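Working notes for the structure below.
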Amino acid sequence: MSFVRLRLTPFRFARLTQSATRSSWRPTAIGSRHMSQNIDRDSTTGKAAVPLDIESSRLTVTKTTSPKELPPSKSLLFGRTFSDHMLKIRWTEATGWEAPSIEPFSTINLSPSATVLHYAQSLFEGMKAYRHENGTVTMFRPDMNMKRMNISAQRLALPAFDGNALLECIKELISLDRQWIPKEPGHSLYIRPTFIGTNGTLGVAPPSEALLFVITSPVGPYYPHGFKPVPLHGTTDYIRAAPGGTGAYKLAANYAPGVVAQKSAAKQGYAQNLWLHGPEHWLTEVGTMNLFVVIKDKDGITELITPPLDGMILPGVTRDSVLALARNHVSGVKRLEGLPDTIKVSERPINMGEIIQSSKEGRLIELFGTGTAAVVTPVDRIGYNGGDVVIPTGKDGMGPVSKPLWTELVGIQTGAIKSDWNYVVAQ
């Protein structure tokens, strides 16, 4: 059987430096739902063809009839409050991707035998939407999240999808719940795309049914009262990842096992774990964040170091952004005020032996974590083998390298600094 498919114009986000335009499709209203009139048809039967991928032109919208009261921004706790609507897109092996739908936020019905509950067929992403002073709403580098989400899906044998089409659907979700983005400085709308296997059959196998959904949550600043450096426990009892494993993917199964290790660190007076690997105790990540170390080499040159993407390290969007900003500074593409004129940017292994030696010689400048939630988290000490390695921090809690990098990143995210990394959601 052959199918004739209509050529659809691909969706793209308008960049912040250009005039934002709405998508070219024009929906037909059906009650409170909306559906594009462009539907692929089987050339022999005239019936709708099975979509091979997510098609944002088929998006439907059902608005809530009971909108929730917006909470005071000062009372927001991370991940506790959710907006009025959510996005759902179902997939089955038999029918492919169904029409995306925006619906009132609600529970999800799952069979007790759903594969996500038994075999951890689950992955997610984390990103944010920001409201600028002029009212424009943007997301920060969401294309990177879509790329990583597809890579994670491949690792779990979940189906691939068109990231641009999913982003267009997310854009409509954020536009609909735009009032949930706090207006206060430092606040944002956290976006959590999630992808799970849902078929109700026991047995380890690629899923035959899946659900991709997106929820959003208004959040306040990670450090509402200024930066507070955190102490880390260099754990030698637990590891986060191993070569050939799943550390480089944003899978749900990578997170729950870290809770016991975190509780152990807390009992010893530390805020989070410094994940080490191998008998040499190579540094990998900080809690659920990527890791950066700043030292001066033997010649007095400042070196910004992060562990390489060797299969154990999650390719973080903030990690990539920090590296790009630092390298642009070095190359002269854009110099950042406050960064040393000469700085070496390295993706290389570093172990606790080098950390301790640099500390003893007065060459250890700072250590910090990076991630979507906090952007930058400074560290003031590492508990290791019964003692503490003290990490220098500035008066404001940050170091001489992390501070200008954080300032530039936050400036971009909030719209104070124009950048191609911002994608317009609404104006």
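The values are calculated or read from the model by the stated rules, or taken from the named source; none is laboratory data. Treat the numbers as computed from the prediction; the structure is a model and nothing was measured. Reconstructed Cβ throughout: ideal geometry from the backbone, glycine too, with neighbour counts over all protein chains shown. Side chains included, ligands, DNA and RNA excluded: accessible areas come from the protein's heavy atoms. Shrake-Rupley method; radii C 1.70, N 1.55, O 1.52, S 1.80 Å.
Look at (1) open to solvent by 50 Å² or more (accessible area, probe 1.4 Å); (2) farther than 25 Å from residue 249 by Cβ and you find that residue 172 fails only one, number (1). Scanning segment 409-418 for residues being open to solvent by less than 20 Å² (accessible area, probe 1.4 Å) and not aliphatic (A, V, I, L, M) gives a total of 2. What about residue 109, is it open to solvent by 30 Å² or more (accessible area, probe 1.4 Å) and outside any loop (DSSP other than H, G, I, E, B)? So residue 109 fails the test.
Would you mind finding the one in 339, 291 that is surrounded by 19 or more Cβ atoms within 10 Å (Cβ to Cβ), part of a strand (DSSP E or B) and not aromatic (Phe, Trp, Tyr)? Exactly one residue qualifies, and that residue is 291. Checking the stated criteria, residue 204 turns out not to satisfy the condition of being open to solvent by less than 40 Å² (accessible area, probe 1.4 Å) and among the aliphatic types (A, V, I, L, M). Scanning segment 357-404 for residues that are open to solvent by less than 40 Å² (accessible area, probe 1.4 Å), assigned to a loop (DSSP other than H, G, I, E, B) and closer than 19 Å to residue 268 by Cα turns up just one, 391. In summary, residue 183 fulfils each of the numbered conditions (1) within 18 Å of residue 215 (Cα to Cα); (2) open to solvent by 40 Å² or more (accessible area, probe 1.4 Å); (3) touching a strand residue (DSSP E or B) at 6+ places or on another chain (Cβ under 7 Å) with the single exception of condition (1).
Of the candidates 326, 261, the single residue that is in contact (Cβ under 8 Å) with a residue 60 or more places away in the chain and either over 19 Å from the mean Cα position of the chain (by Cα) or not in a helix (DSSP H, G or I) (or both) is 326. Answer yes if at least one residue in segment 120-127 is open to solvent by less than 40 Å² (accessible area, probe 1.4 Å), within 23 Å of residue 188 (Cβ to Cβ) and in a helix (DSSP H, G or I), and no otherwise. Taking every residue of segment 120-127 in turn, none turns out to be open to solvent by less than 40 Å² (accessible area, probe 1.4 Å), within 23 Å of residue 188 (Cβ to Cβ) and in a helix (DSSP H, G or I). Any residue in segment 185-194 that is outside any strand (DSSP E or B) and at pLDDT 95 or above? Taking every residue of segment 185-194 in turn, none turns out to be outside any strand (DSSP E or B) and at pLDDT 95 or above. For segment 213-262, a residue qualifies if it is of a type in the set (Ser, Thr, Tyr), open to solvent by 30 Å² or more (accessible area, probe 1.4 Å) and farther than 16 Å from residue 373 by Cβ, and the qualifying residues are 236, 238, 246, 249.
Per this entry, residue 182 is not counted among residues that are closer than 30 Å to residue 94 by Cα and part of a loop (DSSP other than H, G, I, E, B).
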